[in-house]
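Structure first, commentary second.
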Amino acid sequence: MSESTSSASSAKLYWLIGGLAALGYLVLLWPDIDLGAAQFWIGIVLKPIPVACMALWLWGQTPADAGRGSLTKWVLAGLALSALADVLIEPDGDMWFIAGLGTFLVAHVVYTVGFILDQRQLHIVRALPFFAWTGGVFVYLFDDLGGMAAPVGIYCAVIGAMMWRAAARVGQDGESARGEWILLAGAAIFAASDTLIALNRFDAPIAYVGYPIMILYWLGQLGITLGAVPEST
């Protein structure tokens, strides 16, 4: 079997495993399914697998001896942190929520740093809609945040910065490459998932919110992953 054939087979396997794990986790979210304690442990195993598979797929898109670009390395690090956060945020309790939130915060910072290193021009105007979005969410929730106001405020600022820097990459070579738009869409969809989490936790419970949260989260991570594939591959 040639190296390219083996790589293609591995890629298909990652997508298959990731897709099945995502489907299995979504099934467990259905209210009528109750497997007792096993449901928690199955969920905590399944939840990080889709993002981990995205990281493995991205890792395989550029052979190590060819040198992985800076953006790819930063996105790989962000995906790894996100998979860890998936595990940390799964148990009930404020301690676990804060641990998961903090790890996701670091993942967003890592993504942002990667985007900045890939494109250093400010493009200040592009920041406006994203900070209006996250700032608006923070102001809307502020009265209900209590002691979480500071960490949630920092999180909103970092998410806004992440989307801004993703937008700053679009058209960096004079043309808006498809991958740049895909990455920007992924960043925005990821932020939409986080927005739903905040509204559900701090404003009012939303029926079946786990489904849109997870679907948007995976789609967002997928967009960032696809957008980080080196153009030469």
- Query: If you check Pro129 against the conditions, is it in a helix (DSSP H, G or I) and modelled with pLDDT under 95?
  - Reply: no
- Message: Any residue that is assigned to a helix (DSSP H, G or I), of a type in the set (Gly, Ala, Ser) and closer than 21 Å to Thr195 by Cβ - is there at least one of those in segment 108-126?
- Response: no
- Which pairs have Cβ atoms under 6 Å, sit 6 or more apart or on different chains, and link a residue in segment 22-41 that is among the aromatic types (Phe, Trp, Tyr) to one that is surrounded by 12 or more Cβ atoms within 10 Å (Cβ to Cβ) and in a loop (DSSP other than H, G, I, E, B)? Tyr25/Lys47
- Task: Could you please let me know if Tyr25 is closer than 29 Å to Asp118 by Cα and either under 21 Å from the mean Cα position of the chain (by Cα) or modelled with pLDDT under 95 (or both)?
- Result: no
- Message: All but one of (1) under 30 Å from Trp30 (Cβ atoms); (2) part of a helix (DSSP H, G or I) hold for Ala167; state the number of the condition that does not hold.
- Response: (1)
- Starting from segment 195-221, take each residue that is in contact (Cβ under 8 Å) with a residue 12 or more places away in the chain and list its partners that are acidic (Asp, Glu), counting only C-beta distances under 6 angstrom and pairs at least six apart or across chains. Phe202/Asp144
- Task: Please name all residue pairs, on different chains or six or more residues apart, with Cβ atoms under 7 Å, provided the first residue is in segment 120-136 and is charged (D, E, K, R) and the second residue is surrounded by 13 or more Cβ atoms within 10 Å (Cβ to Cβ) and part of a helix (DSSP H, G or I).
- Result: Arg126/Trp164; Arg126/Ala167; Arg126/Ala168
- Sort out which residues of segment 1-20 are within 17 Å of Thr62 (Cβ to Cβ) and modelled with pLDDT of 65 or more, and write them in order of number. Ser6, Ser7, Ala8, Ser10, Ala11, Tyr14
- Query: Is it the case that some residue within segment 114-137 is surrounded by 21 or more Cβ atoms within 10 Å (Cβ to Cβ), farther than 21 Å from Ile224 by Cα and more than 13 Å from the chain's Cα centre (by Cα)?
  - Reply: yes
- Message: If I ask for residues that are aromatic (Phe, Trp, Tyr) and within 17 Å of Phe97 (Cα to Cα), which ones from segment 167-202 would you list?
- Response: Phe202
- Query: Ile98: free of Cβ contacts under 8 Å to residues at least 60 places away in the same chain, assigned to a helix (DSSP H, G or I), out of contact with any Gly (no Cβ under 6 Å at 6 or more places or on another chain) and surrounded by fewer than 17 Cβ atoms within 10 Å (Cβ to Cβ), yes or no?
  - Reply: yes
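Select, from Ala177, Ala149, Ala168, the only residue that is over 25 Å from Trp218 (Cα atoms) and not hydroxyl-bearing (Ser, Thr, Tyr).
Ala149
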- Task: Just give me the residues in segment 142-196 being within 14 Å of the chain's Cα centre (by Cα) and modelled with pLDDT under 95, in sequence order.
- Result: none
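The values are calculated or read from the model by the stated rules, or taken from the named source; none is laboratory data. Model, not experiment: these values are computed from the prediction. A quick note on method: Cβ atoms are made from the backbone with ideal geometry, for glycine too, and the neighbour counts reach across all protein chains shown.
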